[in-house]
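Take a look at the structure below.
The values are calculated or read from the model by the stated rules, or taken from the named source; none is laboratory data. Remember, predicted model here, so these are calculated numbers, not experimental data. FYI the Cβ positions are ideal-geometry reconstructions off the backbone, even for glycines, and counts take in every protein chain you see.
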């Protein structure tokens, strides 16, 4: 949903994908504490870990090991604690922790892989820990459990020598939690280290008959999400055989995407410090990593961090129908925290249009104002209120006079399309969320159509490919009214993208109801390298 546009940039690093087709994270991590050289099994496959006979641990007894917390591991630990205890988002917490501990680029990369990796693989690591702890995991102190997750991730998914993973994790526990739990952590992690990743995955899945549950353990997704993503692939016209590639893409460290606000920002500074031009959307770039706050263009707001898929669907609204004309009124109905609103407002400023950005939560409305401040003030207005009551702003005037020409409904959703950037969200969501969000999504789309001028366009967008949040919502709303129709979304998306970026297998369209009629658009991490953004365009008759 909308906060995904606020993708943070403190520690994200470009690099190899954390998953391979065997279901486990790949090595190739930042060089800190690593042992170099490939490790291969008897069949020639590279292993994540050394053979049991080659493993070694610290010769020191637990009581004589380090009692200090390594700053990079401490930043990762603090991130996990904020996620577990406060319901925080890791991509918002970790950059602050990296700056607070003054980590250099290499240590920031290590902390990023450790924190995000442990969050992504939490379900699988907990299954491993459940076989190594003599009590239910729920009975463990939360801080101890988070430390154990960090230890397991180092042992099974990073090229950290066993003795370093063990010693440093116990040291962190002794320094931050207390000396008592250090012995427990030491004993549990020794049991974990007795098997490598593939041995653990084989043990965890040997008696699992359900295919979705087995894939979930191998690729760190709840089984219900595996089923939902398989169904979503088929619903949007793709092959269910792509499922494992999609799950792997969800576990890959995402490249940080940048956008220069048209007429406001410039990518020259970012490109001059290692960023590369984007391959999907004009005016975008792929960051080389590190703390982007060091760039003046980012600090000043002219250049923003925003997923290329979010950029693309926002620009597609402006390509729908006629070219935007001077004096047009645009509306972002669910604007927080302001990523798409900033892009639309910048374009509006250059074309003589005006954007109203609506956000229901006051603190998020303030984030929208901050995002819009680099844009000339006459081009935008922020409203705080429930989007379903947006018709109140018409004040009884006819929609032809007081309505909007283009409306973006970036609806709150489960966020199943942004699991790369929100690694913890996969363990928070449940099928119940679909039932709870459905009425809200339909209500927002209905409200948007109510305030759209005749001939105007509404873009319904979600960061979820689930059919219950995408196709079903649009179908139900259209069935309930006779003043709106679906129009083709593919042509506007192609017009908004770079030439050739969506050719061949990258075509993201699905004909409505399997016909040759108007197409909706669904982007995919494993195909387009973006969040799984959905777009449907509706025209008010």
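For residue 349, the stated conditions hold: it is on the phi < 0 side of the Ramachandran plot and either free of Cβ contacts under 8 Å to residues at least 12 places away in the same chain or in a helix (DSSP H, G or I) (or both).
Of the helices (runs of 4 or more DSSP H) lying entirely inside region 436-541, those containing at least 3 residues that are touching a helix residue (DSSP H, G or I) at 6+ places or on another chain (Cβ under 7 Å) and under 23 Å from residue 231 (Cβ atoms) span 471-479, 525-528. Within region 95-116, the set of residues being crowded, with 20+ Cβ neighbours inside 10 Å and under 22 Å from the mean Cα position of the chain (by Cα) comprises 95, 97, 98, 108, 109, 110, 111, 112, 113, 114, 115, 116.
Residues checked against (1) crowded, with 24+ Cβ neighbours inside 10 Å; (2) farther than 21 Å from residue 533 by Cα; (3) in the same structural domain as residue 448 (by TED's automatic domain parsing); (4) in contact with a strand residue (DSSP E or B) (Cβ under 9 Å, 6 or more places away or on another chain):
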| site | (1), (2), (3), (4) |
| --- | --- |
| 335 | yes, no, yes, yes |
| 338 | yes, no, yes, yes |
| 365 | no, yes, yes, yes |
| 376 | no, yes, yes, no |
| 382 | no, yes, yes, yes |
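Please find, within region 196-215, the residue that is surrounded by the fewest Cβ atoms within 10 Å (Cβ to Cβ) out of those that are closer than 22 Å to residue 150 by Cβ and in contact (Cβ under 8 Å) with a residue 24 or more places away in the chain. Within region 196-215, the match that is surrounded by the fewest Cβ atoms within 10 Å (Cβ to Cβ) is 203. For region 386-419, a tally of residues being over 26 Å from the mean Cα position of the chain (by Cα) and at positive phi returns 2. Note on region 299-319: residues that are surrounded by 24 or more Cβ atoms within 10 Å (Cβ to Cβ) and assigned to a loop (DSSP other than H, G, I, E, B) total 2. Within region 235-246, is there a residue that is touching a residue at least 40 places away in the same chain (Cβ under 8 Å), on the phi > 0 side of the Ramachandran plot and not assigned by TED's automatic domain parsing to the domain that holds residue 76? Yes - at least one qualifying residue is present in region 235-246. Among the residues making up region 387-425, a single one is farther than 30 Å from residue 232 by Cα, in a loop (DSSP other than H, G, I, E, B) and touching a residue at least 40 places away in the same chain (Cβ under 8 Å): 403. Scan region 405-425 and tell me whether some residue there is closer than 20 Å to residue 303 by Cβ and in contact with a helix residue (DSSP H, G or I) (Cβ under 9 Å, 6 or more places away or on another chain). Yes, there is a match, as at least one residue in region 405-425 is closer than 20 Å to residue 303 by Cβ and in contact with a helix residue (DSSP H, G or I) (Cβ under 9 Å, 6 or more places away or on another chain).
Among the listed residues 185, 152, which satisfies the condition of being more than 28 Å from residue 223 (Cα to Cα) and touching a residue at least 24 places away in the same chain (Cβ under 8 Å)?
One residue alone meets the criteria, 185.
Kindly check whether there is at least one residue in region 507-520 that is surrounded by fewer than 16 Cβ atoms within 10 Å (Cβ to Cβ) and within 25 Å of the chain's Cα centre (by Cα). Among the residues of region 507-520, at least one is surrounded by fewer than 16 Cβ atoms within 10 Å (Cβ to Cβ) and within 25 Å of the chain's Cα centre (by Cα), which makes the answer yes. Quick check, is residue 327 surrounded by 24 or more Cβ atoms within 10 Å (Cβ to Cβ) and within 21 Å of residue 407 (Cβ to Cβ)? For residue 327, the condition - surrounded by 24 or more Cβ atoms within 10 Å (Cβ to Cβ) and within 21 Å of residue 407 (Cβ to Cβ) - is not met.
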